[in-house]
Amino acid sequence: MILDEEKLYAARLHAVRARPYLASALFALRIVPSERVPTMGVDRHWRCYVSPGFVARTAMDELAGVWVHEVSHLLRDHHGRSGRYADKHGLSGRAERLRMNIAGDFEINDDAYGEGLTAVGIHPGMFGLPANMLMEDYLERFSLAGLGMDAAWLDCGSGADGLDREWDLGADGAHGLSPQERDAVRFWVAQGITGSPGDVPEGWQRWADKAFHPPQPWRELLGAAVRAASGAGGGGDYTYGRPARRSAALPEVVLPALRRNPPRVSVVIDTSGSVSDAELGTALLEVTAIGRAVGGGRGQVSVISCDAAAGIAHPLCRAEGIPLIGGGGTDLRAGFARASSAHPRPDVIVVLTDGQTPWPDASPCRTVVGLFPRPVRRDYSPPPSWARVVTIG
């Protein structure tokens, strides 16, 4: 049977109208027709496997609901969370993974439908379970013994429970998203949710605030670094462009207002072979958070990729447009040299690295070092005492 793409994509558009904050994720899914899939299923690489027969026999509003359901598994990292839960509790086998798939369905379906989307799956109320719980909470309370139905149609693929399927194209298959692209999609969806308070279900608000990896520690760190830099290089000056707040007390005197200049920040990202693609994706998220924390216009934040040599300093416009070039050895002294040679010089240098690098004897300005986590650090050189250090993640 030939896949009815017109109907499938019309259903996606219907889903976008019903859940506009999920638009980035819905349009990021890569479609793969497959007759081996019972309905629709996803893998961790953001490929969506679609049964042509299922599309043909499913109503438009139900098909839109399935779009939202499948992309929700990926956004909420159910495949990764299932793997961690299985490792922690010593679970294995297809039945346990199916239980994780269903527990993920419970987490999604308690608030996924309505407002133009028709439910096609199962929800926690069918098993006497409360709504608004996480997948891990449902796993503690849910048993397959009470299922009593054909579970084949519940299969949402490896993207829902982390267990590879025979139809998966795998990591080397075509049309998948890279780790950086997947992180970027999650980031923009979270931004859309936090920007629409009151219009988003509680489960999605919780995901955007907690389950998604927000760069919260960096906001505190950058705040301290920015305040320190403001006294040294960021500085302040007086301007007559707007009146001072005390002008009303002296009506015949024109008083200037104090204007603070946002500091210039140079971000050096370790792109050596010891830093993974996922960590580089995290680094781009942190760069975006730094840009928001600093404020100011284009050129306040520049990004330098560095392994054993430093690349060009790119001004920050959008984090996903920054090229990260590297893959060799590590010597971040080249990155410091590149940052210190910029005109004008930065007021703050932020370094994102795994710590396997030699350090310069001194830094030209205030420095913050973000360390990617490692269970065991080999060839590790601790950051110098003149840098403030925090572990990312």
So, in nm, how far is label ILE2 from label ALA131 when the simple model puts each one 7 Å beyond its Cα toward the Cβ? 4.2 nm
Counting only the heavy atoms of the protein chains, how much of ASP164 is accessible to a 1.4 Å probe, in Å² to the nearest 10? 110 Å²
Sorting TRP359, TRP67 on solvent-accessible surface, 1.4 Å probe, most exposed first, gives TRP359, TRP67
Among the Cα-Cα pairs of region 354-393, the proportion with separation greater than 17 Å, in percent, is 28 percent
Residues of region 18-86: accessible area per residue with a 1.4 Å probe, Å²: 28 Å²
Between ALA145 and GLU62, what's the calculated FRET efficiency when r is the beta-carbon distance and R0 is 22 Å? Round to 0.05. 0.20
If you stretched the chain out fully between ARG94 and VAL390, how much longer would it get, using 0.36 nm times the residue separation minus the C-alpha to C-alpha distance? 102.6 nm
Theoretical FRET efficiency, 1/(1+(r/R0)^6), r = Cβ-Cβ of GLU252 and SER341, R0 56 Å, to 0.05: 0.65
Calculate the spin-label point distance for GLU35 paired with ALA362, positioning each point 7 Å from the Cα along the beta-carbon direction, and give it in nanometres. 7.4 nm
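Once you order the gyration tensor axes a ≥ b ≥ c over the Cα atoms, which shape class does region 1-84 get: rounded for a/c under 1.5, otherwise prolate or oblate by comparing a/b with b/c?
Judged from the Cα gyration tensor, region 1-84 comes out oblate (a/c at least 1.5, b/c at or above a/b).
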Counting only residues 5 or more places away or on other chains, whose amide H sits under 5 Å from the amide H of ARG366 once H atoms are built in the peptide plane? ILE349
Pair ARG84, ALA171: separation of 7 Å Cα→Cβ label points (nm): 1.9 nm
Accessible area (Å², 1.4 Å probe, nearest 10) - ARG388: 130 Å²
Label point at PHE27 placed 7 Å out along Cα→Cβ; residues across region 42-71 whose backbone nitrogen lies under 20 Å: 46-48, 64-71
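The values are calculated or read from the model by the stated rules, or taken from the named source; none is laboratory data. Note that the structure is predicted; figures quoted are calculated from it, not measured. Heads up, the Cβs are rebuilt from the backbone with ideal geometry, glycines too, and the neighbour counts pull from every protein chain shown. Heads up: the accessible areas ignore ligands, DNA and RNA and are worked out on the full protein's heavy atoms, side chains in. Shrake-Rupley method; radii C 1.70, N 1.55, O 1.52, S 1.80 Å.
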